[in-house]
Structures are given as structure tokens and as C-alpha cells.
1. Does residue 43 qualify as being modelled with pLDDT of 90 or more and surrounded by 13 or more Cβ atoms within 10 Å (Cβ to Cβ)?
2. Applying the selection to the range 76-90, what residues are loosely packed, with under 14 Cβ neighbours inside 10 Å and assigned to a strand (DSSP E or B)?
3. Just a yes or no: is a residue in the range 196-208 in the same structural domain as residue 47 (by TED's automatic domain parsing) and either free of Cβ contacts under 8 Å to residues at least 12 places away in the same chain or outside any strand (DSSP E or B) (or both)?
4. Have a look at 86, 81 and point out the one that is over 20 Å from residue 144 (Cβ atoms) and either within 17 Å of the chain's Cα centre (by Cα) or not assigned by TED's automatic domain parsing to the domain that holds residue 167 (or both).
5. Out of the range 100-118, which residues are exposed (fewer than 15 other Cβ atoms within 10 Å of the Cβ), touching a residue at least 12 places away in the same chain (Cβ under 8 Å) and out of contact with any helix residue (DSSP H, G or I) (no Cβ under 9 Å at 6 or more places or on another chain)?
6. In the range 141-160, what residues are within 16 Å of residue 75 (Cα to Cα) and buried (at least 20 other Cβ atoms within 10 Å of the Cβ)?
């Protein structure tokens with residue numbers, strides 16, 4: 001009987017401790033929720049994406065000069081950090097490499113007929129500093145989906161706000177064609193071959209609303 005009474009008391013103590021932990025957890029969630037600051041970023045049509053690469057002969061640059069979607073990103077400040085959510089959908093057919101042959105070869109390499117879009121899903125920012133005309137460095141995570149493959153990357157940004165109140169978020173990340181099981185493009189029967197590595201630069205011009 002003594003052993004059973006002691007065991008019952010131990011269970012009761014554990015139950016009380018668990019109730020206390022749950023209470024603290026939900027109070028923390030409630031306080032954080034009340035302290036959340038939500039802002040919406042509207043992506044302007046003059047936003048762009050650029051990929052820079054090299055061949056065994058020279059360098060090349062391909063751009064999507066305009067963003068033709070009406071997309072919005074959500075920025076959430078809370079006690080847990082900065083949450084950034086929302087996505088971009090970019091048509092591969094809009095790439096321009098300033099050379100018709102190279103443009104067609106890149107679109108073919110990216111399998112534009114089978115997978116016509118590139119998707120960039122924003123996940124987080126490490127911080128959101130007070131913005132000014134002077135660009136400041138921040139970083140965050142994004143998911144990039146291309147040719148049926150999804151990869152997560154850490155992206156380095158420069159963020160600023162101009163005198164018109166437009167936010168400029170310039171992200172840079174090095175990726176490889178092979179990350180997405182793609183073979184780099186070739187020209188002239190393989191005499192001109194692209195390197196595997198690409199630098200992706202997206203320049204987002206943003207209007208902020210609360």
C-alpha cells in the first residue's frame with residue numbers, strides 16, 4: 001500500500017508539472033500572437049530575374065525583365081523572428097539571353113515545354129532592419145522549384161527603401177544546373193559549352209501596405 005501511495009503521489013506531481021508546462025507554452029503563444037506585426041509587400045511589375053553564367057568561350061546573362069503576376073508577400077514580425085511567406089511564378093518563355101540561339105537553348109535546357117514555370121517560395125528573413133536609401137545586408141531561406149525538382153537555398157539580400165517609399169530587395173544565390181538534374185546548354189554542336197554553375201539575381205521592387 002505504501003509503495004502504491006507513493007507512486008500515485010509521483011503521478012500526481014508529474015500531472016501538475018505537465019499542466020504548468022502546457023499553461024506556460026500556450027501563454028507564450030498567446031503573447032507572441034498579440035505582439036505579431038503583419039505587413040504585406042506587393043511585388044511591382046518592374047521586378048526582374050537574371051541568371052549569369054559562363055561558357056568555355058565567354059560569359060552570358062539571361063533576364064526576365066518584367067514580372068507579369070500580381071503577387072503579394074506577407075512579412076510577420078513576432079517574438080520568434082521574421083516570417084516571410086509568398087511566392088513568385090516566373091515563365092521560362094520570358095527569358096531573354098540577348099542572343100536568339102542561346103535563348104532557345106536555355107529554354108530547352110530548362111525543359112520549358114514540360115515545366116513552363118520557375119517557382120520561388122519565400123520562407124524567412126533573419127531580420128528586417130530600419131530601411132533607408134542605403135542598402136543593408138540580410139539573408140533568408142527560399143525554396144526553388146525547377147524542372148520538377150525542389151531545392152532549398154539560403155539567399156543573401158541587399159534591402160533598401162528609396163525616397164518614393166519603394167522597397168528594393170535584391171537577392172543573389174549561386175546554383176547549379178545539376179541541382180535540378182539538368183545538363184548545361186551547348187551551342188554549335190557542343191563547341192561552346194556552358195559551365196554547370198549559375199548566379200541567380202532577383203531584383204524585387206515592392207510596395208508595402210499594413
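The values are calculated or read from the model by the stated rules, or taken from the named source; none is laboratory data. Since the structure is predicted, the reported quantities are computational estimates derived from the model, not experimental observations. Glycine also receives a Cβ, built like all others from the backbone with ideal geometry; neighbour counts cover every protein chain displayed.
1. It is true that residue 43 is modelled with pLDDT of 90 or more and surrounded by 13 or more Cβ atoms within 10 Å (Cβ to Cβ).
2. 81, 85
3. Looking for residues that are in the same structural domain as residue 47 (by TED's automatic domain parsing) and either free of Cβ contacts under 8 Å to residues at least 12 places away in the same chain or outside any strand (DSSP E or B) (or both), one finds at least one in the range 196-208, hence yes.
4. Only one candidate passes the filter, namely 81.
5. Answer for the range 100-118, where residues must be exposed (fewer than 15 other Cβ atoms within 10 Å of the Cβ), touching a residue at least 12 places away in the same chain (Cβ under 8 Å) and out of contact with any helix residue (DSSP H, G or I) (no Cβ under 9 Å at 6 or more places or on another chain): 108, 114.
6. Of everything in the range 141-160, those that are within 16 Å of residue 75 (Cα to Cα) and buried (at least 20 other Cβ atoms within 10 Å of the Cβ) turn out to be 142, 157, 159.
Let's see how each residue does on (1) closer than 21 Å to residue 209 by Cα; (2) in a strand (DSSP E or B); (3) not assigned by TED's automatic domain parsing to the domain that holds residue 43:
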site: 127; (1), (2), (3): yes, no, no
site: 130; (1), (2), (3): yes, no, no
site: 151; (1), (2), (3): no, yes, no
site: 160; (1), (2), (3): yes, yes, no
site: 169; (1), (2), (3): yes, yes, no
